[in-house]
Amino acid sequence: MSQKLLKLIHKENLNLSSDLYQFERSDGFPFEFVGGQYVILNVGNDNEGKPIKRAYSILSSDSKTNSFQICVKRLGTGKASSILPELKLGEELEYSGPWGKFVGDPTWPSPGFSLVLATDTGITTLAGLLLSKKFSGRLDSTITVWLKTKEEDFLSENKLREILSEISNFPTIFQIPSISDPNRISSALEIFKSILGDCTVPENAFLSGDGNILREVRSELVRLGTLESRIGMEAFFNTQRNPSQAVSLG
Ligand SMILES: Cc1cc2nc3c(=O)[nH]c(=O)nc-3n(C[C@H](O)[C@H](O)[C@H](O)COP(=O)(O)OP(=O)(O)OC[C@H]3O[C@@H](n4cnc5c(N)ncnc54)[C@H](O)[C@@H]3O)c2cc1C
């Protein structure tokens, strides 16, 4: 099978910790995807000659297929996130995708109330879903929440307002402790509990970002009555459960 390539057509440094990239298919065909899906980019080889392949959620609307955008956090020591800022306009990267069967399923979300919750960099999936064709008629019955550390981390609120300017739903933003803080998960869960205390149990949910928080949120949703089959989840980091971090909601 021939190699699939993307060409970088625009990039914007947003702040010290993030960059926005816009790609188009090198073969000139439209890039078809469903909002909330992601691509896997091969950004080059590591020191041992192993390809560095990383997933990035598409944050632009699926109604625009001539190009799409991703936003990548600079992690300092991260391999891909250090290489990507050096990419020049017109350069090409091998890719696969779009991936993400759950959001790609035309039967999800089912009718009823939906929750879309993101932590940290997971806001990219949240934006992709909110801007998607499938959510366009459902924004009034969707509650959206972004749990982030500091205002200056990753995307600022102003930048997010710009990205979501064409839609009526803007996420409620809550500040949570930093990734290394031992109180982070319990604090995120307290916030989550207080939000759900005031509304109906969601029929559908999509969770993206820190796996340690998302697993606890998912358990709580199931406990409240959301069907597990209607809860989608993409852990961007902390993908495996760490036994020392289990939290009880009380
Ligand atoms: C489905 C999916 C979608 C994703 N979408 C995005 C996206 O839209 N934007 C984005 O920036 N990243 C996204 N990621 C994370 C991305 O794939 C890489 O893991 C990230 O860019 C780090 O790669 P790296 O090579 O720079 O770091 P690596 O050399 O792989 O190592 C860095 C370490 O940092 C951890 N890490 C990854 N992300 C974070 C974070 N936000 N905060 C703290 N630690 C982290 C990794 O788990 C790893 O342990 C997504 C991941 C998945 C699975």
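The values are calculated or read from the model by the stated rules, or taken from the named source; none is laboratory data. Please read all numbers here as calculations on a predicted model, not as lab measurements. Note that each Cβ is placed from the backbone with ideal geometry, even for glycine, and that neighbours are counted across all protein chains shown.
Residues of the stretch 68-99 that are part of a strand (DSSP E or B) and more than 9 Å from the ligand (Cβ to nearest atom): PHE68, GLN69, GLU92, LEU93, GLU94, TYR95, SER96, GLY97, PRO98.
Among the residues making up the stretch 32-48, those that are within 16 Å of the ligand (Cβ to nearest atom) and either part of a loop (DSSP other than H, G, I, E, B) or not assigned by TED's automatic domain parsing to the domain that holds LEU84 (or both) are PHE33, VAL34, GLY35, GLY36, GLN37, ASP46, ASN47, GLU48. The residues listed here are PHE68, PHE135; of these, the one that is surrounded by 21 or more Cβ atoms within 10 Å (Cβ to Cβ), of a type in the set (Phe, Trp, Tyr) and within 18 Å of PHE170 (Cβ to Cβ) is PHE135.
Quick check, is PRO51 farther than 24 Å from LEU131 by Cβ, at pLDDT 95 or above and outside the structural domain of THR226 (by TED's automatic domain parsing)? Answer is yes for this residue.
Consider ILE167 carefully, then state whether it is in a loop (DSSP other than H, G, I, E, B), over 17 Å from the mean Cα position of the chain (by Cα) and modelled with pLDDT under 95. If you could, list the steps in order and put the result at the bottom.
Values: in a loop (DSSP other than H, G, I, E, B): yes; over 17 Å from the mean Cα position of the chain (by Cα): yes; modelled with pLDDT under 95: yes.
Yes, satisfied.
PHE102 passes every criterion in (1) within 13 Å of the ligand (Cβ to nearest atom); (2) assigned to a strand (DSSP E or B) apart from (2).
This table checks each residue for (1) surrounded by 15 or more Cβ atoms within 10 Å (Cβ to Cβ); (2) under 19 Å from the mean Cα position of the chain (by Cα).
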| site | (1), (2) |
| --- | --- |
| ILE143 | yes, yes |
| LYS148 | yes, yes |
| GLU162 | no, yes |
| PRO182 | no, no |
| VAL201 | no, no |
| PHE206 | yes, yes |
| GLY209 | yes, yes |
| ARG215 | yes, yes |
| ASN238 | yes, yes |
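Just to check your reading of the model, which residue among ILE195, ILE179, ILE167, ILE173 is assigned by TED's automatic domain parsing to the domain that holds PRO109 and more than 24 Å from VAL103 (Cα to Cα)? None of the other options fit; the residue is ILE179.
Criterion first (near the ligand (Cβ under 10 Å from one of its atoms), within 19 Å of the chain's Cα centre (by Cα), modelled with pLDDT under 95 and assigned to a loop (DSSP other than H, G, I, E, B)) does LEU59 satisfy it? Here the answer is no, as LEU59 does not meet what is asked.
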